[in-house]
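Accompanying notes for the structure given below.
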Amino acid sequence: MSTTPQSFSGESAHKADAKDFSAVLVLGGDAVAVQLAERLCEEGFSVVYVGEPEPIFTPENYDGKIECIANGVLKAIHGVTGAFYASVQTPCGMVQKKVGFVVVAQPPMIVPKYEAYGVKPENKVVCLSRFLEQLQDGQIGALGEADQLHIAFFAGLDGVADTATFAKIFDCIDVLINQKNVQCYVFTRHLKVAENGLEARYRRAREAGTLFFAFEQDAPVVEQTDGVVKIVFEDPHLSAGFELAPDILVLDEWLLPPDSVEPVCAMIPSSLRSRPYLTPPSPRFPSVETAKAGVFALGPARGTFYAPKLRDDIESVVGSLKKLITLTQHGGSAFVAMVEPEKCTLCLTCVRTCPHGAIQFATSASVDENSCQGCGICVSECPMSAIALAERKRSPSDNSKEQRRVESAALHNGKLVAFLCEHSGANAYAELSSALRALVKPIVVPCAGAVGEMHVVQALLDGASGVLVAGCFDGNCASVYGTNRAAYRLALLQQTLAEAGLNKDRLIYVPLASNAPYILASAIEELLRSTDSSTQDSPAASMS
Amino acid sequence: MCKATHVCQNCGACLVTEAIKGSQASPRIAHILSAGLARLRKEGSIFESLIVQEPVRIFPDSCNACGECVQACPVPGAIRMSPVGQTPYIVHDECARSRGDSCTACQDACPRAAINLSASETEFLVRSHAVVVATGFTPFDASEKPRFGYGRIPGVLTALELEDLLRNEQFELTPKERPIPRVAFIQCVGSRDAHIGRNYCSQVCCAYALRLARLLKAKKPDTEITVFYMDIQTFERNFERRLKEAGEELHLCRAIPSEVRASAEGGLEVLYHNSQGTNVWDNFDAVVLSIGMSPPAPVLGLDVLGRDEHGFFQPAADAGVFVAGACQGPKSIVESMRQARAVAERVIGYMKRGERGALD
């Protein structure tokens, strides 16, 4: 699992510390993070800025509110929102910091594709970032005074490219087309222009004479001999072989999330599914929020490299921090997991399986209320039944959750019982025809992952003719892998039923979406068909 | 519609349904549906909007979504069950009453007297400190590209129409010339096309076409699908893996066809320039046009907003007016949600900073 031992060391020592939501750790490295730090100060937060090189803050405005650990590197971090403990390596040794929030706002790691293209770096072969710098410093224009200067760009010929790469290439071409005697070539697979304004920039470059070649399979080959660089390729349109000896060959780069993501990922068990990024690869995490409360990913850390979008990310971080503070004051999810310390044997199953990294441990496991999303995965995973979901204290008028519990305790009288994830299944159920709804006893659960074997068995014992568990599609679970846990458990249970000589088709697991009631409808019909044959022998009787 | 095959395809459509429901459940959000802005005025720091709401003919509070009205309606499609929420809705242009007919079939059929066809327009005067414009985009009108035969040749449909048909399990193919049904997707219809003034990428079509094509393949595995494209745009993390998976199920062909025509056998023929450099006519049973996003329709009273060269709204110069979502430029669902968060934060920041006058 992803949790490293050091992420829990010293847990008990910090246990008594009070939570503090005023300080934010910003892992930065360029102007974006500086801008974020300044925005956070405006909003009344204090900032611990870790990064290199030393940033330039507007000093007088933020007297004492930004602490800058220049040339620092985050080595380890643990804790929960309100009380994160970070160890930062600096040239003068390790520094420990306690903060309420963590924002990973570092620039991407940029790795030139020399090896991928089988090219050695030399005077005539440079990577894109370096070339743009040279252009902006006016170093390339001098070369152009001779004859014609031929500049070739490689972009995503290995199949990997981002709009950010093309934006950079257009930046270069914008400078070059103003110079005389420069001919640019772009070799690519797919032109990435899916950002506002990029298509127009592409067209401008083309109209200014830049030649674009888009390849399917047979990418160009580069030959390097005695300081001569030669690109050998077959023109995809003319189906004819060509050779080009450019004066400069500019190679694109891989844009990767920053390395500082790694120690932060170590705090979030579900990051197994998101690595090397920090946010889960799911539309449920469209913005800067990660699976763990208080941890935020800006731009590259969440897989977005196109610079203009980062301005939005800065605002989203500010908004998310404030929202989280409001939630800590007024409750968050409907439910919260509670550990009975005397039952806990410290097996740490919950710590490992909590997708939100909400569980810490000292003498027993304990759930951090501000981080818990109430999904209930730990409840069904705990082998000692030491964890239960409790309702958060809410306003007295909100009694809908109370009704749920009464419903779930009722006997089922041969009906089908459906455990419905509140994100998907419950919505889909509400869209069913009333006739179909009447056939089913719905039990809304916070996540399909909360449905344990005992819940299903109890439903059968209580007289259900069949049990259906409806969770979200893989990749759409708000608790990242709750739906996978449910699918896995149901499959095991089906096997157990089959081994006991019972009809395993009385259980069914359905992945669906809130806007796909038809999937639920056909699953109910299927379950009806398969339980029809087994209603002769009373389900309750056959189970007991 | 959900486009998941066996796993989520990251389209985000379910989140829209959920967001609408969440918004409807919020006591702090007032909804004036089927309504438009008639006038926007600013006095000091306060905006005054005149909102005109279409007649509310079906009362959600009385309706129990029994569907009797839909059954009773003599015009198919004039009254429909809503994909979100329980209340059916009347499609004004389809309804016989819009042509002067006095039909009251739905109203008469309703067992709960939830329908009042003679309801009239309502006007609201809304005073606010800020205005957010999020009017979305207009789908490209595929008949603007006559060479693809949309609206002229049966079997040519837009991706939106295909989505609708798939949702209702109504997409049926009868192969005309071969035993295997064949479907072509044509990308960039109304995008990246300077000839018709659409010198921009719509950003969502590659993703939605591949999702729809894979969903179609999952539902009807014997269908042969060709996707004609210019460049496949990056649409999410793990793009390369997704593209590879798609390439295993679909035939990806780098070419934008120049013509679609009806074949003698009743199918469709598509003319394109193949990788060997020759023009070929290929046979298909359906052609799906991946239409792009066009700028939003004009909004009355919103002359404070400038438009960019393509007609999308530009960020407002007027303090207090904010622009969000695809009315500002093409955006996917997930991108719109991401941006909405940031815009909300900007609005809150503006409200806090600004000199707020009293609303009444």
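The values are calculated or read from the model by the stated rules, or taken from the named source; none is laboratory data. All values reported here derive from a predicted model rather than from experimental measurement. Here the Cβ is made from the backbone with ideal geometry for all residues, glycine too, and neighbour counts use every protein chain on show. The accessibility values were calculated without ligands, DNA or RNA, using every heavy atom of the protein model including side chains. Shrake-Rupley method; radii C 1.70, N 1.55, O 1.52, S 1.80 Å.
Scanning segment B:156-173 for residues that are of a type in the set (A, V, I, L, M) and either in contact with a strand residue (DSSP E or B) (Cβ under 8 Å, 6 or more places away or on another chain) or not assigned by TED's automatic domain parsing to the domain that holds residue B:270 (or both), which turns out most open to solvent (accessible area, probe 1.4 Å)?
This residue is B:160.
With respect to residue B:303, determine if the residue is of a type in the set (D, E, K, R), surrounded by 14 or more Cβ atoms within 10 Å (Cβ to Cβ) and under 26 Å from the mean Cα position of the chain (by Cα).
no
Yes/no matrix, rows are residues, columns are (1) of a type outside the set (Ser, Thr, Tyr); (2) in the same structural domain as residue B:247 (by TED's automatic domain parsing); (3) open to solvent by less than 50 Å² (accessible area, probe 1.4 Å):
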{"residue": "B:149", "(1), (2), (3)": "yes, yes, yes"}
{"residue": "B:154", "(1), (2), (3)": "yes, yes, no"}
{"residue": "B:180", "(1), (2), (3)": "yes, yes, no"}
{"residue": "B:185", "(1), (2), (3)": "yes, yes, yes"}
{"residue": "B:198", "(1), (2), (3)": "yes, yes, yes"}
{"residue": "B:203", "(1), (2), (3)": "yes, yes, yes"}
{"residue": "B:208", "(1), (2), (3)": "no, yes, yes"}
{"residue": "B:231", "(1), (2), (3)": "yes, yes, yes"}
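For segment A:84-108, enumerate the residues that are open to solvent by 10 Å² or more (accessible area, probe 1.4 Å) and within 24 Å of residue A:351 (Cβ to Cβ).
Selection gives A:85, A:87, A:96, A:97, A:98.
Name every residue in segment B:1-53 that is farther than 30 Å from residue B:207 by Cβ, of a type in the set (Val, Ile, Thr) and out of contact with any Lys or Arg (no Cβ under 8 Å at 6 or more places or on another chain), in order of residue number.
Hits for segment B:1-53 are B:32, B:51, B:52.
All but one of (1) in contact with a Phe, Trp or Tyr (Cβ under 9 Å, 6 or more places away or on another chain); (2) of a type in the set (A, V, I, L, M); (3) closer than 30 Å to residue A:193 by Cβ hold for residue A:307; state the number of the condition that does not hold.
(1)
Look at residue A:411 and say whether it is over 29 Å from the mean Cα position of the chain (by Cα), modelled with pLDDT of 70 or more and not in a strand (DSSP E or B).
The answer is no for residue A:411.
Given the conditions (1) open to solvent by 60 Å² or more (accessible area, probe 1.4 Å); (2) free of Cβ contacts under 8 Å to residues at least 60 places away in the same chain; (3) within 28 Å of residue B:338 (Cβ to Cβ), report the number of the one that residue B:41 does not fulfil.
Of everything listed in (1) open to solvent by 60 Å² or more (accessible area, probe 1.4 Å); (2) free of Cβ contacts under 8 Å to residues at least 60 places away in the same chain; (3) within 28 Å of residue B:338 (Cβ to Cβ), residue B:41 misses just condition (3).
Go through (1) touching a strand residue (DSSP E or B) at 6+ places or on another chain (Cβ under 8 Å); (2) surrounded by 15 or more Cβ atoms within 10 Å (Cβ to Cβ) and name the single condition residue B:128 misses.
Failed condition: (2).
Could you tell me how many of the residues in segment A:109-130 are open to solvent by 30 Å² or more (accessible area, probe 1.4 Å) and either in a loop (DSSP other than H, G, I, E, B) or touching a residue at least 60 places away in the same chain (Cβ under 8 Å) (or both)?
Residues that pass the stated criteria total 14.
Take segment A:148-193 and flag every residue that is within 14 Å of another protein chain (Cβ to nearest Cβ), more than 20 Å from residue A:300 (Cβ to Cβ), among the β-branched types (Val, Ile, Thr) and in a loop (DSSP other than H, G, I, E, B).
Hit for segment A:148-193 is A:193, nothing else.
Residue B:97 is checked against (1) farther than 15 Å from residue A:516 by Cα; (2) among the basic types (Lys, Arg); (3) not in a helix (DSSP H, G or I) and fails just one. What number does that condition carry?
In the conditions (1) farther than 15 Å from residue A:516 by Cα; (2) among the basic types (Lys, Arg); (3) not in a helix (DSSP H, G or I), residue B:97 misses (3) alone.
So residue B:167 clears everything in (1) over 30 Å from residue A:155 (Cβ atoms); (2) more than 12 Å from chain A (Cβ to nearest Cβ) except one condition, right? Which one?
If we test residue B:167 against (1) over 30 Å from residue A:155 (Cβ atoms); (2) more than 12 Å from chain A (Cβ to nearest Cβ), just (2) comes out false.
With the structure loaded, tell me whether residue B:103 is surrounded by 15 or more Cβ atoms within 10 Å (Cβ to Cβ), part of a loop (DSSP other than H, G, I, E, B), modelled with pLDDT of 90 or more and not assigned by TED's automatic domain parsing to the domain that holds residue B:219 or whether it fails that test.
So residue B:103 fits the description; yes.
For residue B:239, indicate whether it is surrounded by fewer than 22 Cβ atoms within 10 Å (Cβ to Cβ) and within 14 Å of chain A (Cβ to nearest Cβ).
Considered against the rule, which asks whether it is surrounded by fewer than 22 Cβ atoms within 10 Å (Cβ to Cβ) and within 14 Å of chain A (Cβ to nearest Cβ), residue B:239 comes out as yes.
Inside segment A:194-243, can you point out the residues that are within 12 Å of another protein chain (Cβ to nearest Cβ), assigned to a strand (DSSP E or B) and open to solvent by 70 Å² or more (accessible area, probe 1.4 Å)?
Matches in segment A:194-243: A:234 only.
Name the single residue that is farthest from residue B:231 (Cα to Cα) among those in segment A:177-188 being buried (at least 22 other Cβ atoms within 10 Å of the Cβ) and not aromatic (Phe, Trp, Tyr).
Among residues in segment A:177-188 that are buried (at least 22 other Cβ atoms within 10 Å of the Cβ) and not aromatic (Phe, Trp, Tyr), the one farthest from residue B:231 (Cα to Cα) is A:182.
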